[in-house]
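Heads up, the thing below is written out as C-alpha cells.
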Amino acid sequence: MAANPNAANEIRSAARARARARVLIVDDVASNLLILEAILSQDYDLLVSMTGEEALRIAAEKLPDLIVLDIKLPDIDGFEVCRQLKADSATRGIPVIFCTALDEVADERRGFEVGAVDYVTKPLSEPVVQARVRAHLALSQHSRWLASTVHAQSDQLARLGRLRSFFSPKLADAILASGSEDALNTHRSEISAVRCDLHGFAQFNEAAEPEEVMEFLREYHAILGRVIDAHDGVLMRFSGESAMVIFNDPMPHQNHATMALEMAIALRSSFGGLATRWRERGQTVAISIGMALGFATLGPIGFPGRWDYGVIGRVADLAGRLAAMAEAGCILVDQRAMARVGAPPGARRVGPFSLEGFATPVSAWAV
C-alpha cells in the first residue's frame, strides 16, 4: 500500500474539488455491486472492486471520499482491508462503512475496532444506504474542514510565537497581518538607529546595593518599553546601561527618521522623573542618546534555542559612538538623519568628533 504522500494529497485535493463525491464499493458478489450501483450512482462517482487487494490498490491510487466494504471477500476479508487502510496515513481518514449479512451483525464490535464508522445490512435498503453514505460523507467533510482550520490556527500561533520571540506583540501582529515574514530572513534595509546609554550607571552599580540596582533597572526598562512601543520602534538589544532601537524594519515607515527622533525626545523626557527620584536617594544617573540613519544588514543571530534579531552595519556603530560622545541629557544626531528630519528649534551643529572605528571625523547635531 505504499503511496507517495505528496501525490496522495494532490489526488485528495482534486477529489474534494469535484462537485460529486467519489465512493468505492467493494463486494465479491456481482448482484450486490449492481444493487449498490443502482442506489449510489445517481449522486456519486463510483469505483468498483471485487477483492480486498484490489480495493487497497484503488484506495491508495484514487483516494475515494468513502468506502462501502463487504466483510467476506475471496482473498483478504474486509476487516483486514479496513485495518490496512487505517494503518496508512494516506487513506486513514477515508470513512469505511461495512456491508454485512444479518447473521454477521455480531462482528460489529470487531468492525468498529479496526476503524469502520458504520454498518449497513443485507438485503440492502436503498433509503438506509443513501442516508448512511450521505451522513458520513458530510461528517468526513466537516472533520476535514475542522482539521484544516485547527492546523491553520496552530500554524498561525506558531508563526506568531516565532515573531514574538523577536518583536513586540504589536509589531508581531502587524507582520503577521501583512502576510510576510521576510523579516526573519537576513536582508539589507535603510534604518534609523537610536542608541540609549546611561551616564553614571557604573558608579551607581558600584555604590548601591544589588537590590537597588535591580529596582532602578526595572523602572527604567518599563519606561523604555512603553516609549518604544508608543513610537513603533524595535528594541534590538539592551543591557543594564544601554539599548539599541531601530525604525523602518521589519515594518517600513516613510518618516522613520522623524519617528526615531520623536522617540528619543520622549524617552529623555520620561526618564527625567526617574532620574529625579533616584537623585533624591543619593544616586545620579542621566541618559544620553545617539541617532544615525543609514543601511544595515538585519536578521536572526544566534543558535537553535536562542535567537536574537540582530543589526550589523556602520549606522548602528555610529549611533553607539554618538551616544558615548553625548553629554548627559543630550541627543546627538548624525548629519544624514538630521537632513532627513530637518533641524528642530534649538538644535545646533557640533563636532567634528574623532570616533573609534571611523577613519574621518564625524559632525553631528545636538538636540
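Sub-8 Å Cβ pairs linking a first residue in region 27-41 that is surrounded by fewer than 13 Cβ atoms within 10 Å (Cβ to Cβ) to a second residue that is part of a loop (DSSP other than H, G, I, E, B) and among the hydrophobic types (A, V, I, L, M, F, W, C), at least 6 apart or interchain, are Ala30/Met50, ordered by first then second residue.
For region 302-314, indicate whether the set of residues that are touching a Leu at 6+ places or on another chain (Cβ under 7 Å) and modelled with pLDDT of 80 or more is non-empty. Looking for residues that are touching a Leu at 6+ places or on another chain (Cβ under 7 Å) and modelled with pLDDT of 80 or more, one finds at least one in region 302-314, hence yes.
Phe295 satisfies every condition listed in (1) assigned to a helix (DSSP H, G or I); (2) at pLDDT 90 or above; (3) surrounded by fewer than 20 Cβ atoms within 10 Å (Cβ to Cβ); (4) not basic (Lys, Arg) except (1). With respect to Arg268, determine if the residue is in a helix (DSSP H, G or I), more than 31 Å from the chain's Cα centre (by Cα) and within 18 Å of Leu322 (Cβ to Cβ). It is true that Arg268 is in a helix (DSSP H, G or I), more than 31 Å from the chain's Cα centre (by Cα) and within 18 Å of Leu322 (Cβ to Cβ). Against the list (1) closer than 23 Å to Leu56 by Cβ; (2) at pLDDT below 85; (3) β-branched (Val, Ile, Thr), the condition Val150 fails is (1). Assess whether Ala257 counts as being within 24 Å of Leu318 (Cβ to Cβ) and crowded, with 22+ Cβ neighbours inside 10 Å. So Ala257 fits the description; yes. Suppose the filter is touching a helix residue (DSSP H, G or I) at 6+ places or on another chain (Cβ under 8 Å) and under 19 Å from Val245 (Cα atoms); does Ile289 pass it? So Ile289 passes the test. A single entry from Pro123, Pro74 fulfils the requirement of being surrounded by fewer than 16 Cβ atoms within 10 Å (Cβ to Cβ) and more than 15 Å from Leu36 (Cβ to Cβ): Pro74. Restricted to region 46-144, the set of helices (runs of 4 or more DSSP H) holding at least 1 residues that are touching a residue at least 60 places away in the same chain (Cβ under 8 Å) comprises 78-87.
Consider only pairs whose beta carbons are under 6 Å apart and that are at least six residues apart or on different chains; among these, list those whose first residue lies in region 311-326 and is under 11 Å from Gly357 (Cβ atoms) and whose second residue is acidic (Asp, Glu). Correct list of pairs: Leu318/Asp334.
A single entry from Gly346, Gly351, Gly357, Gly290 fulfils the requirement of being part of a strand (DSSP E or B), farther than 30 Å from Ala208 by Cβ and in the same structural domain as Gln203 (by TED's automatic domain parsing): Gly351. Among the conditions (1) aliphatic (A, V, I, L, M); (2) over 19 Å from Thr297 (Cα atoms); (3) touching a residue at least 24 places away in the same chain (Cβ under 8 Å), Leu217 misses just one, which is (3). Please verify whether Ala275 is of a type in the set (A, V, I, L, M, F, W, C), within 20 Å of Arg188 (Cβ to Cβ) and buried (at least 16 other Cβ atoms within 10 Å of the Cβ), treating the condition exactly as stated. Judged against the criteria, Ala275 is not a match. When Asp249 is tested against (1) within 28 Å of the chain's Cα centre (by Cα); (2) more than 16 Å from Ala292 (Cβ to Cβ); (3) surrounded by 15 or more Cβ atoms within 10 Å (Cβ to Cβ); (4) charged (D, E, K, R), only condition (2) is not met.
The values are calculated or read from the model by the stated rules, or taken from the named source; none is laboratory data. This structure is a prediction, so every number in the text was calculated from the model and none was measured. For neighbour counting, all protein chains shown are included, and Cβ atoms are generated from backbone atoms with ideal geometry for every residue, glycine included.
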